[in-house]
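Down below is the structure, laid out as structure tokens.
Rule-based calculations on the coordinates, nothing more; no lab input. It should be emphasised that the depicted structure is a prediction, and the values quoted were computed from it without experimental measurement. Heads up, the Cβs are rebuilt from the backbone with ideal geometry, glycines too, and the neighbour counts pull from every protein chain shown.
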Amino acid sequence: MQAKSPTGRSTPTLGRPGGSRPSVSGSVRGTSPTQRLTIGPVDDKNIITLSQLCTEDLDAKMREKKALNKMLEDLKRSKMQYDNKFSKKKKEVDSATVETMQMDKKLQAVNNSNRVTAAELAGIQNENERLRQDVEALRANLSEVLAAYERECEEIESLKQTLQSTRKELMVETKQRDIVQQDLRASRTAQTLMVHRLDDIERRNRVLKTCVANTINS
């Protein structure tokens, strides 16, 4: 029979192969060569039989030794293969460990960056909220300013209309003043002429009175 080694190869069993030995008497089968030597009388036939048994035992031991040596070589090769595989796996594990450490460092850096980014984002959101409130206030102020501007525009339009009306009135008043001034100048000229005429009449009256008085006196 054959037994399978850990490497999967079939090796002979360590027991003595009984089927390869020649058939002997029932008193000799199953005993060692020295036991067989003490059993029965020592003769040539027993010696030959004992020699054959020793030779078979020696052959079996040699085959067993070869099988064991072959198994040992297989085990050594398997051990070398396992050692190589273990070395490769150890290198892979070491490499994976290094990569894991590097990835952990990168992950930590990314987490730190994410925390910084989150803080910056929170600051930006707060700033956006403040700016939104400022924009809302500016919009409210703009609405008030636009309403005030519209009121001012209405007042300015009213003032323009009032100014145009006043200008028209001033033009009418100016025309009337010019007419009055012209009338006054004409009146003054007429008055001056009347004064000159009155002076001339008085002068003539005095001359006439003088002539009459002179005539009466003469």
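Just tell me which aspartates and glutamates come within less than 20 Å, Cα to Cα, of Lys45; anything on the same chain fewer than 8 places away is out.
Glu56, Asp57
Please report the net charge: other residues with Cβ closer than 13 Å to the Cβ of Glu169, K and R +1, D and E -1.
+3
Which of the GluC sites (Glu not before Pro) found in the stretch 111-171 are in a DSSP loop and have at most 12 neighbouring Cβ atoms, other than their own, within 10 Å?
Passing both the DSSP loop test and the Cβ count: no residue.
So, counting K/R as plus one and D/E as minus one, what does the shell of residues with Cβ under 13 Å around Val207 add up to?
Overall, the nearby charge balance is +1.
Near Lys66, which lysines are there with a Cα under 28 Å away, not counting those fewer than 8 places off in the same chain?
The reachable lysines, counting only those whose Cα sits under 28 Å from Lys66, are Lys4, Lys76, Lys79, Lys85.
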